[in-house]
Amino acid sequence: MMSSDNDFFDDEFADASIDGLQDGFAAIMLAASASDGHIAEEEMSCLTTLLCRMNLYAELSPSQFGSMMDRLASELDRSGVDEFVAKAVVAIPPDLVETAYINAVDVVLADRTVDEAEKHFVERLRNLFGIDIQRSNLIFQVMTAKNKG
């Protein structure tokens, strides 16, 4: 039986390395921290604290969490930030889209600087998630104020 063109694209872009909500959410946070080409210590600390506080990761042991992050970091290295985040956003259900976006902005702002690559990342993520520009600006203002002190 011949497969349809859609099957080809589904197979071509399916990636077992980002599997489910836990992976997808963590992958977006990891991509946010790496969006400027390196992961600052403050960003990694923010990312780890943020994820470990979430119910989504409560059942993971430190070893399981570390293995997940290592696997995702390897995939990020292979794919690059843009492709990696495009794979990750499909794992985020509609009710967690804004949560993922807010937390990604928080990770980007953790080192208190936002360069052009990070701006590109935030804008791309906003577009991938379909978040309204005014809502995005409000989120960015609130998260900037949060990270000021």
### Message
Scan region 128-137 and tell me whether some residue there is over 16 Å from residue 21 (Cα atoms), of a type outside the set (A, V, I, L, M), touching a residue at least 60 places away in the same chain (Cβ under 8 Å) and buried (at least 16 other Cβ atoms within 10 Å of the Cβ).
### Response
no
### Task
Give the residues of region 82-101 that are in contact with an Asp or Glu (Cβ under 9 Å, 6 or more places away or on another chain) and assigned to a helix (DSSP H, G or I), sorted by residue number.
84, 87, 88
### Task
Residues being buried (at least 16 other Cβ atoms within 10 Å of the Cβ) and either over 15 Å from residue 85 (Cβ atoms) or among the charged types (D, E, K, R) (or both): count how many of those fall in region 103-125.
7
### Task
Give the residue, chosen from 99, 144, that is of a type in the set (Ser, Thr, Tyr) and modelled with pLDDT of 95 or more.
99
### Query
Here are some conditions: (1) among the small types (Gly, Ala, Ser); (2) within 27 Å of residue 146 (Cα to Cα); (3) at pLDDT 95 or above. Residue 91 meets all but one. Which one does it not meet?
(2)
### Query
What helices (runs of 4 or more DSSP H) lie completely within region 1-72 and have 3 or more residues being modelled with pLDDT of 85 or more?
20-34, 41-52
### Task
Could you identify the single residue in 123, 118 that is out of contact with any Cys (no Cβ under 6 Å at 6 or more places or on another chain) and modelled with pLDDT of 95 or more?
123
### Task
Give the residues of region 102-123 that are farther than 14 Å from residue 29 by Cα and either small (Gly, Ala, Ser) or assigned to a helix (DSSP H, G or I) (or both), sorted by residue number.
116, 117, 119, 120, 123
### Query
Do you know which of the residues in region 114-124 that are in contact with an Asp or Glu (Cβ under 9 Å, 6 or more places away or on another chain) and without any contact (Cβ under 8 Å) to a residue 24 or more places away in the chain is farthest from residue 40 (Cα to Cα)?
116
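The values are calculated or read from the model by the stated rules, or taken from the named source; none is laboratory data. Everything numeric here is computed off the predicted structure, so don't read it as measured data. Neighbour counts run over all protein chains shown; Cβ positions are idealised from the backbone, glycine included.
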